[in-house]
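Taken together, the values in this text are just the output of simple stated rules run on the coordinates, not laboratory data. Quick caveat, the model's predicted, so the values are computed rather than measured. Cβ: placed from backbone, ideal geometry, glycine included. Neighbour counts: every protein chain shown.
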Amino acid sequence: MKPVKFVMINPTSPFWRVQEGERPRQSRFFRFSLLPSLCVAASMPPYVESTIIDEDVRPVDFDIDADLVGITFMTHNAPRAYEIADTFRRKKGVPVIVGGYHPTFMPEEAARHADAVCIGDAEDVVPRMMRDFAEGRLQQFYRSELTCLAGLPVPDRSLIRRKDYVPADALQATRGCHQRCGFCSVAAFHQSRFRTRPVHEVVDEMRGLRKRLLFIDDNIIGDREYAKELFTALIPLRKNWYSQCDISLARDEELLGLAARSGCRGLFVGFETLSQQGLTRWKKDSNMTADYLASVAKLHDAGISICAGFVFGGDDDTPDVFERTLDFLLEANIEALQTTRMTPFPGTPLFEELDAQGRIFDKYWGHYDFNHVVFQPKHMSAETLDNGVGWVGKQFYSRRNVSRRIWKSLRYLSPAVALGGVLPLNLGYRVRKAKDGEFQRGEIFSTPSVPLQRPHPGNTMPSAERNAYAER
Ligand code: SF4
């Protein structure tokens with residue numbers, strides 16, 4: 001078969017896109033080793049030579065020697081992905097294939113900008129795409145039929161410069177989640193399936209990796225028995241690992257003990273809201289708000305740091321939600337926080353619901369980045385929601401609160417985790433929130449009990465990009 005030069009591009013938003021000669025604009029703690037692109041490259045037939053371009057660290061060279069371009073993207077990067085695809089196809093005559101969450105949910109839209117669309121997982125699709133491309137009969141749509149994760153090829157991590165990414169090697173043991181949270185793209189993408197790799201394959205892959213690891217799993221405890229088997233097998237490797245899971249881990253002492261012994265040092269946990277009614281509305285069955293404080297304490301006692309995910313703007317949220325949530329976060333000494341404005345991603349039940357109610361007023365995908373309000377909240381104005389989220393972030397990441405929580409966390413975390421992980425992550429969030437306008441919006445929301453209704457200065461999404469997209 002004739003050699004194929006395949007260039008894979010990860011588009012990014014204008015905030016974080018580097019220009020020629022520029023250093024990356026945000027902390028490498030927010031860049032997770034491009035595992036999906038590495039997995040795609042590993043699945044290629046031998047006649048394909050893959051190159052990866054990540055716009056977070058390197059500008060796209062539109063004159064690059066490429067036979068075929070591949071772009072993977074989520075909803076908020078769709079406008080940029082389409083811009084890149086259109087440029088390669090129309091101006092350079094290079095065919096483009098696309099994949100990822102957004103093309104899977106909006107294949108017809110993606111097909112207007114691409115020669116072929118991968119729907120679902122890529123590993124079983126890209127070899128078919130490559131064969132068809134080489135034979136000159138590329139189809140418009142390819143649907144994944146990957147049901148089993150056994151035997152997946154091991155990613156070639158030399159395709160990226162490790163120093164550009166979080167100082168931990170990324171890998172995956174499981175995919176998807178059994179739960180069906182209404183706002184969650186993961187549940188929609190994987191159709192609430194939970195798939196696992198054989199434990200021995202995960203362990204074999206880990207042996208060649210660094211001491212610090214990041215499991216890019218959606219919910220690593222999605223199958224308790226599998227998680228116990230995996231954590232038990234990890235203990236002799238003496239690695240430190242980070243991942244994400246639901247809070248029910250704290251209610252299973254055996255599993256929590258195994259996680260800690262196997263080297264778990266930090267977890268992203270979706271608390272989502274302090275409203276039990278809100279959780280029920282979203283079908284987030286794993287969470288019980290009454291247990292939140294006790295659950296956090298159990299994870300801390302096990303030496304595990306927590307990055308909490310909170311979603312604001314649900315139908316049970318009133319303007320006092322910001323102050324109440326901040327109180328909880330500070331009292332629990334949560335180590336890091338990811339705030340999101342509720343976002344109805346296409347493909348999710350939440351999108352269907354809000355769209356049917358006529359409450360989505362903004363369908364410019366570039367705004368589906370958790371940093372914009374794109375729908376009408378029920379009990380507050382869109383501005384109050386926007387500024388209130390900014391206020392929580394500004395308070396949580398104030399210098400005083402960062403110092404306090406690091407100091408307190410030294411009581412239950414190792415200094416390496418508190419000072420080498422939690423502190424840089426907090427500082428990274430501070431820089432990020434200052435750059436993307438979050439702190440400025442937090443200033444407008446100066447009296448949380450009586451929110452002001454002034455329009456916020458907005459973030460600096462370039463209008464040129466927005467207009468260019470709207471014209472298509
Ligand atoms: S538990 Fe987490 S990953 Fe699973 S469906 Fe809910 S939000 Fe998504």
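Values as computed for the structure displayed
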quantity	calculated
Contact order normalised by residue count of the stretch 189-246, Cα under 8 Å, 6+ apart, percent	46 percent
Charge tally in the Cβ shell below 12 Å around residue 217, where Lys, Arg are +1 and Asp, Glu are -1, residue 217 excluded	0
Cross-link pairs beyond the 28 Å C-alpha cut-off, checked among 284/363; 239/435; 211/433; 163/435; 211/298; 2/211	239/435; 211/433; 2/211
Taking the chain and dividing mean pair separation by its residue count, relative contact order in percent (alpha carbons under 8 Å, at least six apart)	12 percent
Sequence-separation-based contact order of the stretch 15-173, relative, with Cα cut under 8 Å and 6+ spacing, percent	29 percent
Prolate/oblate/rounded call for the chain, Cα gyration tensor, a/c under 1.5 rounded	oblate
Lone cysteines, the chain (no partner Cβ under 4.7 Å)	39, 118, 148, 177, 245, 264, 307
Nearby aspartates and glutamates by direct alpha-carbon distance to residue 228 (threshold 13 angstrom, same-chain neighbours under 8 apart not counted)	252, 253, 254
Sparse-neighbour loop sites [trypsin sites (Lys or Arg not before Pro); the stretch 55-147; at most 12 other C-beta within 10 Å; DSSP]	112, 137
Centre separation in Å (Cα based) which lies between the stretch 165-187 and the stretch 319-342	22 Å
Equivalent ellipsoid, the stretch 167-307 (semi-axes from 5 times Cα gyration tensor eigenvalues, Å)	25, 18, 12
Value of [θ]222 nm, deg cm²/dmol, for the chain, DSSP H segments ≥ 4, -39500 (n - 2.57) each, nearest 500	-9500 deg cm²/dmol
Packing-based exposure ordering (other Cβ within 10 Å, fewest first) of 316, 169	316, 169
Exposed-site-free run, longest, the chain (rule: GluC sites (Glu not before Pro); DSSP loop; at most 10 other C-beta within 10 Å)	146-472
Under-5 Å amide H pairs with residue 71, H placed in peptide plane, nonlocal only	9, 97, 98, 99
Label zone at residue 229 (point 7 Å along Cα-to-Cβ), backbone N below 15 Å, the stretch 129-166	148-151
